[in-house]
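Colleague: I am attaching a structure below and will ask some questions about it afterwards.
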Amino acid sequence: MFAGLQELGVANGEDLKETLTNCTEPLKAIEQFQTENGILLPTLQSALPFLDLHGTPRLEFHQSVFDELREKLLERISAIASEGKAEERYKKLEDLLEKSFPLVKMPSIQPVVMCVMKHLPKVPEKKLKLVMADKDLYKACAVEVKRQIWQDNQALFGDEVSPLLKQYILEKETALFSCDLSVLHNFFSPSPKTRRQGEVVQKLTQMIGKNVKLYDMVLQFLRTLFLRTRNVHYCTLRAELLMSLHDLEISEICTVDPCHKFTWCLDACIREKFVDNKRARELQGFLDGVKKGQEQVLGDLSMILCDPFAINTLALSTIRHLQELVGQDMLPRESPDLLLLLRMLSLGQGAWDMIDSQIFKEPKMEVDLITKFLPLLMSFVVDDYTFTVDQRLPSEEKGPAPYPTAIPEMFPKFLQEHRIACEIGLYYVLHITKLRNKNAFLRLLPSLVETFNDLAFGDIFLHLLTGNLTLLADEFGQEEFCTSLFDNVFLPACSRKENVHRHMLRLLLHLHHKVVPAKLESLQKSLEPTKQSGEAVKELYNQLNEKLELRKPSPAHAAEAPSMDLSLPTVPTPASL
């Protein structure tokens, strides 16, 4: 409590104790101690007895004066830090720190010392080491002081950042497994600016401040974790962090990050969920502008393009371009904008390989993707248009044309062997589901059984698919539809992929009332958790069971028991006797 007072030549409790132990007249000793260490203001001495008359303890008075002086001192320190020449004000603050630092462990004085340190751009290293060595002092110091400690202590900074990164990934995974299934409100619904207001991004932004060294450290943590886990949410955080600093106009960092303008432009596309012609030209200019000897920037650009929000925007734009090309009678290879989208998708999907191999070169575009796969997708669009028109034509003698169910062998092969083709193919499946196109969905559904790196069983695709399937809710009343969806595609995957199990339970929790009763009973048995299943699966299954129990009709009322006749026999009244 009195740490450091002796060092400054100020008497403390120990001095009073020693004085009282060695004196013959304690009352006089106390009075002398009060005079020497009290407030040295002559006019105050005559006023103090008034406090005694009001029953106000001297301690309470001195404490209130102390608190007032401390507030004034804190205000004065803040004023010194903002007035005059930088050299002069920092010299004043350094002198003040030198005088006050011995009292840093004294709780009542500590805020003053911490305030001085906060306003110093460079706290003496010796004092920083003393703060770092004491857990309580380290915890109490301002983030401005911690930044100075962190920039030379990567391990300590890593310990501070690590829980935030774990929290961020957990939040993303929680959002993907949300029990609220909706087309309008899904994982990709929040705008980029809304996402940047999240707790983790805001905390990291505050921790970094304007410190380029700390920013580089965070980026290195994100690259390392992305390499170690392949978790694409670290790529999202990489982009969100840069744009959060952009929002605060931290030019010290934005001007030195070579990805800033590219990320800014891409962020606008993500906000609109579409890459228009003007922004496509800008993005292409950034990619083409990577100079020889600076190829390493491609590693960061690929990581930003690997962000699921960027992939979502690029894939949606690709599907939209393909539809437009059908109307314009053009081939994919004739559209520069489409080729740019594919180039960026390829760069994003190749992020992990590029950072892992440290070979910073854009992946080569596969010719078959442009000349075979995309025209095949366009043929599916044409099939849908043709079928729709056929349905509207008057059927005279011939019956209505059936929807084509056959699918070229080339389509599932592309989905299995080519990453970009698989990504675009899956987004086309999402597109037709959103259009409530049951025929097209059932036609392409078998191709999802085996895809590149099991992308069809990834959380992001399944999150979007389950949401879109709510638009086909009435189709779950058809046993054929349920068999195609569950038995043929997703149930076989549940045993080897727990996330698929969870997504199927999410879907049933939302649509169980639409499923054929016999099929629902069969699904309930098939989706029962095993001993190896995680708690999340068990919890979802229990929720489903509870919902199904509530829907069961109450047992038939027991046969009515014979009524007990409790009517009283007629008793003659006195008048009738």
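The values are calculated or read from the model by the stated rules, or taken from the named source; none is laboratory data. Owing to the predicted nature of the structure, the values given are computational and were not obtained by experimental measurement. With ideal geometry, Cβ positions are generated from the backbone for all residues, glycine too; neighbour counts draw on all protein chains shown. These accessible areas exclude ligands, DNA and RNA; they are computed on the full protein's heavy atoms, side chains included. Shrake-Rupley method; radii C 1.70, N 1.55, O 1.52, S 1.80 Å.
Colleague: Return the pair list, or none, for Cβ contacts closer than 7 Å from residues in the stretch 118-137 that are closer than 16 Å to Leu93 by Cα to residues that are assigned to a loop (DSSP other than H, G, I, E, B), at least 6 apart or on different chains.
Modeller: From the stretch 118-137, the pairs are Lys118/Ala142; His119/Ala81.
Colleague: Condition test on Phe481, is it aromatic (Phe, Trp, Tyr) and under 16 Å from Val381 (Cα atoms)?
Modeller: In short, no.
Colleague: Among (1) in a loop (DSSP other than H, G, I, E, B); (2) touching a residue at least 40 places away in the same chain (Cβ under 8 Å); (3) not small (Gly, Ala, Ser), there is one condition Ile460 misses while meeting the rest; what is its number?
Modeller: Among (1) in a loop (DSSP other than H, G, I, E, B); (2) touching a residue at least 40 places away in the same chain (Cβ under 8 Å); (3) not small (Gly, Ala, Ser), the lone unmet condition for Ile460 is (1).
Colleague: Given Leu181, Leu170, which one is of a type in the set (A, V, I, L, M), more than 15 Å from Trp150 (Cβ to Cβ) and open to solvent by less than 20 Å² (accessible area, probe 1.4 Å)?
Modeller: Checking each option against the conditions leaves just Leu181.
Colleague: Continuing with this model, one more query. Out of curiosity, is Met117 under 19 Å from Lys146 (Cα atoms) and either open to solvent by less than 20 Å² (accessible area, probe 1.4 Å) or not in a helix (DSSP H, G or I) (or both)?
Modeller: In short, yes.
Colleague: Ok, one more. Could we say that Ala280 is within 30 Å of Gln220 (Cβ to Cβ), outside any loop (DSSP other than H, G, I, E, B) and not polar (S, T, N, Q) here?
Modeller: Answer is no for this residue.
Colleague: Sticking with this one: Taking into account only those residues within the stretch 79-103 that are among the small types (Gly, Ala, Ser) and assigned to a helix (DSSP H, G or I), which is modelled with the lowest pLDDT?
Modeller: The selected residue is Ala86.
Colleague: Restricting to the stretch 125-145, count the residues that are in contact with a Phe, Trp or Tyr (Cβ under 9 Å, 6 or more places away or on another chain) and either assigned by the TED database to the domain that holds Arg502 or open to solvent by 50 Å² or more (accessible area, probe 1.4 Å) (or both).
Modeller: 2
Colleague: Would the stretch 284-291 turn up any residue that is assigned to a helix (DSSP H, G or I) and open to solvent by less than 10 Å² (accessible area, probe 1.4 Å)?
Modeller: yes
Colleague: For the list (1) assigned by the TED database to the domain that holds Val212; (2) outside any helix (DSSP H, G or I), I need the number of the one condition that Val275 fails.
Modeller: (1)
Colleague: Can you find even one residue in the stretch 408-415 that is within 17 Å of Pro375 (Cβ to Cβ), outside any helix (DSSP H, G or I), open to solvent by 40 Å² or more (accessible area, probe 1.4 Å) and of a type outside the set (Phe, Trp, Tyr)?
Modeller: Yes.
Colleague: Could you check His246 against (1) in the same structural domain as Phe188 (by the TED database); (2) surrounded by fewer than 19 Cβ atoms within 10 Å (Cβ to Cβ) and say which number it fails?
Modeller: The number of the failed condition is (2).
Colleague: Right, here's the next one. Evaluate the stretch 441-451: report whether one residue or more is surrounded by fewer than 18 Cβ atoms within 10 Å (Cβ to Cβ), among the charged types (D, E, K, R) and part of a helix (DSSP H, G or I).
Modeller: For the stretch 441-451, residues surrounded by fewer than 18 Cβ atoms within 10 Å (Cβ to Cβ), among the charged types (D, E, K, R) and part of a helix (DSSP H, G or I): absent.
Colleague: With part of a helix (DSSP H, G or I), surrounded by fewer than 17 Cβ atoms within 10 Å (Cβ to Cβ), touching a residue at least 24 places away in the same chain (Cβ under 8 Å) and not hydrophobic (A, V, I, L, M, F, W, C) as the only criterion, which of Arg70, Arg76 stands out?
Modeller: Checking each option against the conditions leaves just Arg70.
Colleague: Could you tell me which numbered condition Thr405 fails, if it satisfies all but one of (1) open to solvent by 20 Å² or more (accessible area, probe 1.4 Å); (2) β-branched (Val, Ile, Thr); (3) in a helix (DSSP H, G or I)?
Modeller: Here Thr405 clears every test but (3).
Colleague: Continuing with this model, one more query. Quick check, is Met344 under 30 Å from Asp384 (Cα atoms) and modelled with pLDDT under 95?
Modeller: no
Colleague: Can you work out which of the residues in the stretch 515-535 that are surrounded by fewer than 17 Cβ atoms within 10 Å (Cβ to Cβ) and not in a loop (DSSP other than H, G, I, E, B) is farthest from the chain's Cα centre (by Cα)?
Modeller: This residue is Ala518.
Colleague: Going by what's in this entry, would Leu225 be described as surrounded by fewer than 20 Cβ atoms within 10 Å (Cβ to Cβ), in a loop (DSSP other than H, G, I, E, B) and in the same structural domain as Tyr168 (by the TED database)?
Modeller: So Leu225 fails the test.
Colleague: Suppose the filter is at pLDDT 95 or above, more than 29 Å from the chain's Cα centre (by Cα), surrounded by 14 or more Cβ atoms within 10 Å (Cβ to Cβ) and not hydroxyl-bearing (Ser, Thr, Tyr); does Leu377 pass it?
Modeller: So Leu377 fits the description; yes.
Colleague: For the stretch 364-375, check the following and say yes or no: at least one residue is of a type in the set (Val, Ile, Thr), in a loop (DSSP other than H, G, I, E, B) and outside the structural domain of His503 (by the TED database).
Modeller: no
Colleague: Let me ask another. Do the conditions hold for Phe411, that is, is it among the hydrophobic types (A, V, I, L, M, F, W, C) and closer than 27 Å to Arg320 by Cα?
Modeller: In short, yes.
Colleague: Are there any pairs with C-beta distances below 9 angstrom linking a residue in the stretch 79-96 that is farther than 16 Å from Val113 by Cβ and without any contact (Cβ under 8 Å) to a residue 12 or more places away in the chain to a residue that is open to solvent by 50 Å² or more (accessible area, probe 1.4 Å) and β-branched (Val, Ile, Thr), with the two at least 6 apart or on different chains, and if so which?
Modeller: none
Colleague: Give just the number: which of (1) surrounded by fewer than 19 Cβ atoms within 10 Å (Cβ to Cβ); (2) within 22 Å of Thr433 (Cβ to Cβ) does Thr313 not satisfy?
Modeller: (1)
Colleague: Residue check, Leu165 against (1) out of contact with any Cys (no Cβ under 6 Å at 6 or more places or on another chain); (2) modelled with pLDDT of 95 or more; (3) farther than 26 Å from Met354 by Cα; (4) crowded, with 16+ Cβ neighbours inside 10 Å, all met but one. Which one?
Modeller: Here Leu165 meets the rest and fails (3).
Colleague: Is one or more of the residues making up the stretch 388-396 under 30 Å from the mean Cα position of the chain (by Cα), closer than 21 Å to His321 by Cα and not assigned by the TED database to the domain that holds Cys179?
Modeller: No; the residues of the stretch 388-396 include none that is under 30 Å from the mean Cα position of the chain (by Cα), closer than 21 Å to His321 by Cα and not assigned by the TED database to the domain that holds Cys179.
Colleague: Going by what's in this entry, would Glu295 be described as open to solvent by 10 Å² or more (accessible area, probe 1.4 Å) and either within 17 Å of Arg196 (Cβ to Cβ) or assigned to a helix (DSSP H, G or I) (or both)?
Modeller: Spelling it out, it is not the case that Glu295 is open to solvent by 10 Å² or more (accessible area, probe 1.4 Å) and either within 17 Å of Arg196 (Cβ to Cβ) or assigned to a helix (DSSP H, G or I) (or both).
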